[in-house]
Amino acid sequence: MRTSSLIGNKNFYRMVLAVAVPIMIQNGITNFVSLLDNIMVGQVGTEQMSGVAIVNQLIFVYNLCIFGGLSGAGIFTAQFYGQGNDEGIRHTFRFKIWIGFLVTLVALLIFGFGMEPLIRLYLHESGEAGNIENALFFAKQYLRMMLVGLIPFCLVQIYASTLRETGETVLPMKAGILAVFVNMCLNYILIFGKLGFPALGVTGAAIATVTSRFVECGIVLIWTHCHKSLHPYIEGIYRTLKLPRRLTGQIICKGMPLLVNEGLWSAGMAVLMQCYSIRGLDVVAGMNISSTLVNLFNVVFLALGTSISILVGQQLGAGKMEETKDMDKKMIFFSVICSTCLALVLAVVAPLFPKIYNTTDEIRRLACDFLWIAALFMPQHAFMNAAYFTLRSGGKTLITFAFDSLCTWVLNIPLAFVLSRYTGLSIFWVYFLCQAIDLFKSGLGFYLVKKGVWIHRIVE
């Protein structure tokens, strides 16, 4: 493969960045505020920070189940948009409503009734038992309030994903910016008790997050329904919630593997964290510090992956197969190069960032180690993310499932389980080896993308 075939012209990068940059900005600001939240809670205490980290790991499973549930319909939305088929977009939007609220209802039941057992899975400490009970107390406080925010989060994802798939990326970005500004201000006021408010600690952090979600939800819904001329598919969107049987069957066939994939993958990440937590509460705290910063750096390749699913899906819907293959190749290369540059920055920042936290030297050292490992493997993760969205854009969801979550459960989790429980390896080497084994997954992704199994038009 010639290097020149991996590099696009100015118009190509303008097109990609027009889609990716608003997503980067929105997700970047969201993750930056999450980082500030983390630092603020970290100033209150290590147990509070650990409790919030555990809950966020559980909520992460729900978030990705929503993402996966909507993604199946999103493949059809992008291709219907490429055709100019507004009625098709209405059908996919209604499907998203059904699947979004079903996933939310299941999550509320699981978290509501299984709250304490789920949290205790992550609590392992060789020191005083009081540390565990305190972390459990703060985690339960935080989770109870966060459950209120699941419904507005679900609605935002339904609307924002459809807007992005139909070319509108700026409005979700603006709504996200305002929401995180509200979150940041309320965090400062409610966590520490400023402007006459009581200091609520982790409860204050949860109230701030939930409030910001309602703000974002209100902005996105009101704007969308007030701009029907820009998005004609929204006209009469709630006239009925009935779905065409044939299309519903197609979306389920294509989308169910994505929902199962995202659910299993996010659950896999939660299981991995549980394996690491066997080594103690310090590891949970160190992981929390490092993952907060890593998530901020990851927004670039994650946004570029979303751009692949949108742009490649639209091209496939228009029937431009050869142009699509060339575009995808260039976008993958661009994502990996960007992530390599950011990985170098992360490696430099790694020893400095943990010093911000009001915690022990051991936790700071662990966080630094985790950050260095994350920086080393960031380009690899960028490639795997781009390969995932490439396979998904053509509706090859069963292949996507095998590539993504099956690899996690067959390779990463058994390795982490054995290394964390039955070896004397330090947590540094346990974490490193669990990241390194993804080289097999990268090889599989390269083969599938190069072979072109994903080049497929799924709408008529």
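The values are calculated or read from the model by the stated rules, or taken from the named source; none is laboratory data. Computed from a predicted structure; not experimentally measured. A quick note on method: Cβ atoms are made from the backbone with ideal geometry, for glycine too, and the neighbour counts reach across all protein chains shown.
What to note about this one:
- In region 63-169, counting only helices (runs of 4 or more DSSP H) that sit wholly within it, the ones holding 2 or more residues that are at pLDDT below 85 span 129-146.
- Qualifying residue in region 135-142 (condition: aliphatic (A, V, I, L, M) and under 30 Å from Pro232 (Cα atoms)): no
- Meets criteria (closer than 21 Å to Gln157 by Cβ, buried (at least 21 other Cβ atoms within 10 Å of the Cβ), of a type outside the set (Val, Ile, Thr) and touching a Cys at 6+ places or on another chain (Cβ under 8 Å)) for Gly74: no
- Of the candidates Leu200, Leu243, the single residue that is assigned to a loop (DSSP other than H, G, I, E, B), free of Cβ contacts under 8 Å to residues at least 40 places away in the same chain, in contact with a helix residue (DSSP H, G or I) (Cβ under 8 Å, 6 or more places away or on another chain) and not small (Gly, Ala, Ser) is Leu200.
- Among (1) closer than 29 Å to Tyr238 by Cα; (2) more than 20 Å from the chain's Cα centre (by Cα), the one test that Leu70 misses: (2)
- Top-ranked residue of region 109-120 - restricted to ones that are surrounded by fewer than 15 Cβ atoms within 10 Å (Cβ to Cβ) and in contact (Cβ under 8 Å) with a residue 12 or more places away in the chain, ranked as nearest to Leu150 (Cα to Cα): Gly112
- Scanning region 394-408 for residues that are buried (at least 19 other Cβ atoms within 10 Å of the Cβ) and without any contact (Cβ under 8 Å) to a residue 60 or more places away in the chain turns up Phe403, Cys407.
- Any hit, region 51-66, residues being within 30 Å of Glu323 (Cβ to Cβ) and either within 15 Å of the chain's Cα centre (by Cα) or crowded, with 22+ Cβ neighbours inside 10 Å (or both): no
Quick grid of which residues meet (1) in contact with a His (Cβ under 7 Å, 6 or more places away or on another chain); (2) under 30 Å from Met49 (Cβ atoms); (3) in contact (Cβ under 8 Å) with a residue 40 or more places away in the chain:
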site: Ile363; (1), (2), (3): no, yes, yes
site: Phe389; (1), (2), (3): no, no, yes
site: Arg392; (1), (2), (3): no, no, yes
site: Val410; (1), (2), (3): no, no, no
site: Lys450; (1), (2), (3): no, no, no
site: Trp454; (1), (2), (3): no, no, yes
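- Consider region 351-373 and keep the residues that are at pLDDT 95 or above and aliphatic (A, V, I, L, M). The one that is surrounded by the most Cβ atoms within 10 Å (Cβ to Cβ) is Leu371.
- For first residues located in region 87-101 and under 18 Å from His231 (Cα atoms) and without any contact (Cβ under 8 Å) to a residue 40 or more places away in the chain, partners that are in a helix (DSSP H, G or I) and not aromatic (Phe, Trp, Tyr) and lie 6+ apart or on another chain with Cβ distances below 9 Å do not occur.
- Only residues that are outside any helix (DSSP H, G or I) and within 13 Å of the chain's Cα centre (by Cα) were counted across region 26-50, and they come to 0.
- Only one of Gly249, Gly268, Gly255, Gly263 that is free of Cβ contacts under 8 Å to residues at least 40 places away in the same chain and either of a type in the set (Asp, Glu) or closer than 18 Å to Gly69 by Cα (or both): Gly249
- Region 290-337 - residue that is in a helix (DSSP H, G or I), free of Cβ contacts under 8 Å to residues at least 60 places away in the same chain and not small (Gly, Ala, Ser) and, of those, surrounded by the most Cβ atoms within 10 Å (Cβ to Cβ): Val336
Table: residues versus (1) under 30 Å from Leu109 (Cβ atoms); (2) crowded, with 24+ Cβ neighbours inside 10 Å; (3) touching a residue at least 60 places away in the same chain (Cβ under 8 Å); (4) not hydrophobic (A, V, I, L, M, F, W, C).
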| position | (1), (2), (3), (4) |
| --- | --- |
| Ala18 | no, no, yes, no |
| Met24 | no, no, yes, no |
| Met49 | yes, yes, yes, no |
| Ala78 | no, yes, yes, no |
